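The values are calculated or read from the model by the stated rules, or taken from the named source; none is laboratory data. All values reported here derive from a predicted model rather than from experimental measurement. Glycine gets a Cβ as well: all are built from the backbone with ideal geometry, and neighbour counts include every protein chain shown. Protein only, heavy atoms only, side chains kept; ligands, DNA and RNA dropped before computing areas. Shrake-Rupley method; radii C 1.70, N 1.55, O 1.52, S 1.80 Å.
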Amino acid sequence: RLQALKIKQECDDINELITGNVVLCELLSPEGLRKTVLSKKLSEFNELLGVICEIAEWPAVQLDESLDIYFDGRPYGLISTGEKFAVNATLQVALTKLDGSQIIIMDGVDVLDRKYRNGLITVLDNIPIPAVLGCTFLDADSVPELGEVGISYWCEAGTVKELNKTLVAA
């Protein structure tokens with residue numbers, strides 16, 4: 001009888017370990033705690049993306065639970081180069097706000113049409129983070145006036161020239 005009691009106790013201990021492992025496996029499974037936390041954080045991140053898109057007055061950028069990116073409901077792979085830039089800019093601004101970066105640097109802004117470029121500048125004007133935007137123009141005269149939003153520079157042949165400085169000090 002003593003031997004049987006010891007065996008039963010060992011079996012009960014093993015059963016308890018197995019039960020604990022089953023619970024742990026469920027928590028760590030793709031459908032478990034990780035998915036729950038990711039869904040919550042993803043929802044919060046998508047809300048931030050929505051705010052940025054609303055300020056820019058362009059369609060929504062969203063990530064799904066597989067982290068696939070959508071712009072106005074269309075998959076990232078099916079949108080134009082300018083729309084991809086808008087998506088990337090939206091993600092960069094959102095991540096900058098979350099990670100506390102001190103500056104935003106974007107090159108290739110010239111792929112954006114006027115609507116999207118103005119939206120980007122509006123977004124950057126609404127966040128307290130300095131930004132540097134690189135954009136190609138045919139000549140210095142075609143560089144847009146930024147008014148109170150920023151300062152334009154013309155870079156050519158190794159020299160940099162400040163253009164149309166009308167930035168008002170706060």
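Quick rundown of the values:
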{"item": "Whichever residue in segment 129-148 is open to solvent by less than 60 Å² (accessible area, probe 1.4 Å) and β-branched (Val, Ile, Thr) and, among such residues, is modelled with the highest pLDDT", "result": "Ile129"}
{"item": "Check on Glu83, assigned to a helix (DSSP H, G or I), acidic (Asp, Glu) and open to solvent by less than 60 Å² (accessible area, probe 1.4 Å)", "result": "yes"}
{"item": "Per-region count, segment 17-75, residues outside any helix (DSSP H, G or I), at pLDDT below 75 and either touching an Asp or Glu at 6+ places or on another chain (Cβ under 7 Å) or surrounded by 12 or more Cβ atoms within 10 Å (Cβ to Cβ) (or both)", "result": "1"}
{"item": "Identity of the residue in segment 149-168, surrounded by 10 or more Cβ atoms within 10 Å (Cβ to Cβ) and assigned to a loop (DSSP other than H, G, I, E, B), that ends up modelled with the highest pLDDT", "result": "Ile151"}
{"item": "Near pairs, Cβ below 8 angstrom, 6+ apart or cross-chain, from segment 78-97 (under 16 Å from Gly50 (Cβ atoms)) to any residue that is open to solvent by 60 Å² or more (accessible area, probe 1.4 Å)", "result": "Val87/Tyr76"}
{"item": "Every pair of residues 6+ apart whose Cβ atoms lie under 6 Å, when the first sits in segment 36-57 and is of a type in the set (Val, Ile, Thr) while the second is not in a helix (DSSP H, G or I)", "result": "Ile55/Asn126"}
{"item": "Single condition Gly77 does not satisfy, out of (1) within 28 Å of Gly150 (Cα to Cα); (2) over 14 Å from the mean Cα position of the chain (by Cα); (3) of a type in the set (Gly, Ala, Ser)", "result": "(1)"}
